[in-house]
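Have a look at the structure below before the remarks.
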Protein chains: 2
Amino acid sequence: MSIVVKKFGGTSVGDISRIKNVARLIRDFREQNPDTQVVAVVSAMAGETNRLIALARSCVVNPDERELDVLSSTGEQVSVALLAMALIELGLPAKSLLGQQARISTDSRHTNAQIQAIDDSTIRATLQQGFIPVIAGFQGITESGDVTTLGRGGSDISAVAVAAALKAQACYIYTDVEGVFSTDPRVCPQARLIDRISHDEMLELASLGAKVLHPRSVFFAMRYGVPLVVLSTFKPGPGTWIVRESELVENPVVTGITYRADEARLTLHKLPGGIQSLSRVFDALAKEEIFIDVISQSGIEDQLANVSFTVPDEVSSKALELAQALVPQLGAEGASIDRNISKVSVVGIGMRSHTGVAAKMFEALAREQVDPQMISTSDIKISVIIPRKYCEIAVRALHESFIEMKPELGQES
Amino acid sequence: MSIVVKKFGGTSVGDISRIKNVARLIRDFREQNPDTQVVAVVSAMAGETNRLIALARSCVVNPDERELDVLSSTGEQVSVALLAMALIELGLPAKSLLGQQARISTDSRHTNAQIQAIDDSTIRATLQQGFIPVIAGFQGITESGDVTTLGRGGSDISAVAVAAALKAQACYIYTDVEGVFSTDPRVCPQARLIDRISHDEMLELASLGAKVLHPRSVFFAMRYGVPLVVLSTFKPGPGTWIVRESELVENPVVTGITYRADEARLTLHKLPGGIQSLSRVFDALAKEEIFIDVISQSGIEDQLANVSFTVPDEVSSKALELAQALVPQLGAEGASIDRNISKVSVVGIGMRSHTGVAAKMFEALAREQVDPQMISTSDIKISVIIPRKYCEIAVRALHESFIEMKPELGQES
């Protein structure tokens, strides 16, 4: 019998009627696929984790992290018990398994632990006894028996890790969207549901802001070769399959257009040594968990360059403050900031074998009088920094050029 | 270093400010007793267990009991984490321990499990590392790793069991009353706080309706020789010590007066075979969890007796129905019920060595024109069944005779 893992996020189990809906969804899948065993992985009911953390903060100023994990892990404990009950009521034998029962071993970084190993013996034994294992996501246990939680995106990572341990056929991530779209449907109504995409592309789309899956879980899936399916709990549909590149039948040149509307560009003027001397600035920013993105250098004159880099706008004031404090030590003339910029990217593994994507991209932007201020490329992505007011125009123009029309590009190389 | 166990019930940890109050109480005890180690055992915040059970019932009609335990055990998990955080904030290193972490092994009767063993190694290791162990009451784990809960009075039993395993100096049960009183202060304002009482007496007082401690926990304490202290979380005071009989310096003849106001008396008229033929009635009642209390037989004539027994009034209609259904099979003439009776008892281990307690009791009742309808005795208790309207009068009269005045009775035998 093959095994599939089905992961249900907080919105999918947000209240009792939704938990019962999930139970019916599992029953229907079992009826349609009698030869496939199901393992469920469940998040806390939407809002529950935040409620528990607020409870801790109402008690003490700085909650101890070990105890915060004991507290917040009750969120998933409640939802697995309720889903198991709902499955049993539908006549499907089910058993909840907490992180320690499912033997999900993590390191001891409380509130942000990483899975180190899964001993699948209990999960397999539960399946063999005819039960549907309903596993608490987001939690694990340390070697010394302490409860841990996995931090952001944790339940997705639990699901992928369980799927990898069980060598599952696929890991279904049920969420409140129908899958991964070629761009943000709110900006571009022509956005299409992507049916298949590679892990690499998904990683670029996820880190660029498509909020469907946490990058760590995609990375995990890629590393262990787990096919992921992103689909809606509420609206039946095929969803988007995220698979090995070798399993993609055809590789469109561009799979998706993503953007981050609220970026800021920080510039250090007349910096001696150019980009090479920036490490102290980056170190200072990294200590505050501010990570720089696109970097460029311009106007080198007498060994002095203007160096710009982008950061998320919400941390840009802090970043400017840190940079300005370092200006005297760096020997720069000063630091300035431009808050009204956005980043727009085209992503596709087809770029590896096709030339002319950048030219086509600039052409599409030029038609709309959008002038890129900075450019950054990887082998499957090209990003441009543009004034914020053109962000949506640029997304639509690029979507039209690359997704809606078959682009004519250079030969496969 | 000696060890004490301190157990805090749901009211004591009923909200965040009360949890912080408990943390301060533990800190103050530690400061005053630097050579005594503290182990805390904690219930769920008041109302939380009921909220969780209601959540389960809003999901399914008959919640699976294994899953109900997974769900309801989160109540204690939340309170131990919060109390540990509050202790840490006060500068006291603390670690929460769930049932499985504290290695509280139970049988697998979900929702009503019994503790089978406690492996104290984790608790001792936690103490040795300088942490205050904050143990989740009410929960344990089966041999196969399933979460269980102990049923009613469970957290008290957890605390006593932990104290027994650690050979603790005492087990403090913090509650919302100052201790065990010689009778119900609402009925008799002269009620006195008992300073020391034997386990046996406490068992009689508890089973007779003093709602301070669950009988199972007293029984456990007696069996393992754990001194119990019942005291208030909110009002400082010595509380009541429940100790081995041999540790009582003087044994008052009567320690306490208890009552159950709402009893009912069921009578089977002209029953062939008398009390001996009642087993079928008692079996039928026991199946419905109705337990009979005082039994008496009167008016034997031609081998036919009138047999009466008492049951709690809230189940008396059900009991009458069951008895009436059996009347034809038993060959009795009929069954009737008297709903307006109460049971009043005097309890004291001094009765073992003093004579004349019953006579003194009837004398006190007679002075108030109260005529006992049924009587039941054990070696440390005498109970009378009286009309309900005299219940409070009888309690006050007996309290005056036995507790407020030194009774003059026969010599020690």
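Annotations
- Complete set of residues in region B:137-147 that are in contact with a helix residue (DSSP H, G or I) (Cβ under 8 Å, 6 or more places away or on another chain) and more than 13 Å from B:A102 (Cβ to Cβ): B:G145, B:D146
- Filtered residues of region B:112-137 (kept if in contact with a strand residue (DSSP E or B) (Cβ under 6 Å, 6 or more places away or on another chain) and within 14 Å of another protein chain (Cβ to nearest Cβ)): B:I123, B:T126, B:F131, B:I132, B:P133, B:V134, B:I135
- Test result for A:D15, more than 24 Å from A:V212 (Cα to Cα) and more than 9 Å from chain B (Cβ to nearest Cβ): no
- Those helices (runs of 4 or more DSSP H) lying entirely in region A:1-76 with at least 2 residues at pLDDT 95 or above, farther than 22 Å from A:D120 by Cα and among the basic types (K, R): A:16-32, A:48-59
- Any hit, region A:265-287, residues being in contact (Cβ under 8 Å) with a residue 12 or more places away in the chain, among the acidic types (D, E) and over 22 Å from A:S383 (Cα atoms): no
- Residues that are touching a strand residue (DSSP E or B) at 6+ places or on another chain (Cβ under 6 Å) and either more than 10 Å from every other protein chain (Cβ to nearest Cβ) or surrounded by fewer than 24 Cβ atoms within 10 Å (Cβ to Cβ) (or both), drawn from region B:78-91: B:I88
- Single match in B:D107, B:D64 (criterion: out of contact with any Lys or Arg (no Cβ under 7 Å at 6 or more places or on another chain), facing another protein chain (nearest Cβ under 9 Å) and of a type outside the set (V, I, T)): B:D64
- Flag if A:A54 is under 24 Å from the mean Cα position of the chain (by Cα) and more than 9 Å from chain B (Cβ to nearest Cβ): no
- Residues in region B:190-197 include none that are within 14 Å of chain A (Cβ to nearest Cβ) and either part of a loop (DSSP other than H, G, I, E, B) or free of Cβ contacts under 8 Å to residues at least 24 places away in the same chain (or both).
- Residue in region A:31-44 that is exposed (fewer than 14 other Cβ atoms within 10 Å of the Cβ), under 27 Å from A:D15 (Cβ atoms), among the hydrophobic types (A, V, I, L, M, F, W, C) and within 14 Å of another protein chain (Cβ to nearest Cβ) present: no
- B:L98 vs. criteria within 14 Å of chain A (Cβ to nearest Cβ), surrounded by 19 or more Cβ atoms within 10 Å (Cβ to Cβ), aliphatic (A, V, I, L, M) and touching a Cys at 6+ places or on another chain (Cβ under 6 Å): no
- Yes/no for A:E288 being of a type outside the set (A, V, I, L, M) and within 22 Å of the chain's Cα centre (by Cα): yes
- Test: residue in region B:207-222 that is of a type in the set (F, W, Y) and either in the same structural domain as B:M45 (by TED's automatic domain parsing) or not in a strand (DSSP E or B) (or both): yes
- Scanning region A:346-371 for residues that are within 18 Å of A:S296 (Cα to Cα) and in contact with a Ser or Thr (Cβ under 9 Å, 6 or more places away or on another chain) gives a single hit, A:A358.
- Total residues in region B:335-356, condition touching a strand residue (DSSP E or B) at 6+ places or on another chain (Cβ under 6 Å) and under 18 Å from B:A397 (Cα atoms): 7
Residues checked against (1) among the aromatic types (F, W, Y); (2) out of contact with any Lys or Arg (no Cβ under 8 Å at 6 or more places or on another chain); (3) over 23 Å from B:V180 (Cα atoms):
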residue: B:N306; (1), (2), (3): no, no, yes
residue: B:S316; (1), (2), (3): no, no, yes
residue: B:E321; (1), (2), (3): no, yes, yes
residue: B:Q373; (1), (2), (3): no, no, yes
residue: B:I385; (1), (2), (3): no, no, yes
residue: B:A397; (1), (2), (3): no, no, no
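The values are calculated or read from the model by the stated rules, or taken from the named source; none is laboratory data. Note that the coordinates shown come from a computational prediction; the quantities given were computed from them, not determined experimentally. Virtual Cβ from ideal backbone geometry, glycine too; neighbours counted across all protein chains shown.
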